[in-house]
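The values are calculated or read from the model by the stated rules, or taken from the named source; none is laboratory data. Here the structure is a predicted model, which means the values were calculated and not measured. We place every Cβ from the backbone using ideal geometry, glycine too, and count neighbours over all the protein chains shown. Calculation scope for accessible area: heavy atoms of the full protein, side chains included, ligands and nucleic acids excluded. Shrake-Rupley method; radii C 1.70, N 1.55, O 1.52, S 1.80 Å.
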Amino acid sequence: MPDEEQFATGDSAADGRVAYPGGFDDFFRAEYRKLVKALMVMEGASPTDADDCVAHAMEKLFERWHLPVSDPGRVRHPRAYAMKTARRRLKDERHRLQSVALDEDGSMLPTDKSALTALEDRQFVANTLACLPSAQRQVMHLITEGYTPAEIAEVLHKKPNNIRQIIHLVKKRLRPLLDPPAIGSPQEEEER
């Protein structure tokens with residue numbers, strides 16, 4: 001099996017990584033928009049800045065995609081690598097410019113009813129996560145995008161056990177917000 005097809009094998013999926021049967025092309029199509037959105041949500045990047053940073057990250061990933069498995073420069077977690085590279089590029093650009101351009105563009109709203117429902121669901125998740133501290137919000141956003149704890153640990157420069165602990169704390173914190181209140185008997189309701 002050629003080295004460049006490692007990400008397309010079942011082996012890569014077995015260790016928590018997502019398989020991309022068409023190689024880099026499939027990865028690019030599946031992850032590009034998600035990465036742009038993640039930068040916008042996690043870092044407050046404008047759509048243009050996020051797009052530029054993700055394009056840069058994809059270029060860097062493509063340069064390493066076909067390295068032999070034994071090469072230490074080989075990317076083991078392509079989504080985490082792309083996210084980390086895009087975030088680093090955004091940070092560098094912000095530092096260079098010393099300002100953040102926030103471009104709120106509402107023209108991208110879908111017209112399809114099912115797409116609107118999905119958008120509303122994602123907005124509900126975003127609003128729910130907004131009540132969390134920044135570090136917890138970043139972890140949970142990556143979880144909702146399908147990142148594994150190992151990938152999140154790589155993106156955020158933390159240990160996988162720390163990521164699992166953050167997930168546990170967030171679940172504990174959000175449970176009262178998401179669980180419907182227990183409905184008592186009508187008599188109990190009248191007494192209140």
Check: What pairs come up if the first residue lies in the stretch 24-50 and is among the hydrophobic types (A, V, I, L, M, F, W, C), the second is exposed (fewer than 15 other Cβ atoms within 10 Å of the Cβ) and modelled with pLDDT under 90, and their beta carbons are under 7 Å apart, counting only those six or more places apart or on different chains?
Finding: 41/126
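Filter the stretch 124-164 for residues that are among the charged types (D, E, K, R), assigned to a loop (DSSP other than H, G, I, E, B) and open to solvent by less than 40 Å² (accessible area, probe 1.4 Å) and give the result.
Residue satisfying the conditions is 145 alone.
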Notebook entry, point to check: Just checking, how many residues over the stretch 51-71 are without any contact (Cβ under 8 Å) to a residue 24 or more places away in the chain and not in a helix (DSSP H, G or I)?
Noted result: 2
Item checked: Single unsatisfied condition, residue 12 versus (1) assigned to a helix (DSSP H, G or I); (2) at pLDDT 85 or above -> (2)
Check: Can you name the number of the only condition in (1) at pLDDT 75 or above; (2) open to solvent by 60 Å² or more (accessible area, probe 1.4 Å) that residue 174 fails?
Finding: (2)
Next item on the list: List every residue pair whose Cβ atoms lie under 6 Å apart, where the two residues are 6 or more positions apart in sequence or sit on different chains, the first residue falls within the stretch 74-97 and is outside any helix (DSSP H, G or I), and the second residue, located anywhere, is modelled with pLDDT under 90 and among the aliphatic types (A, V, I, L, M).
Entry: 74/67
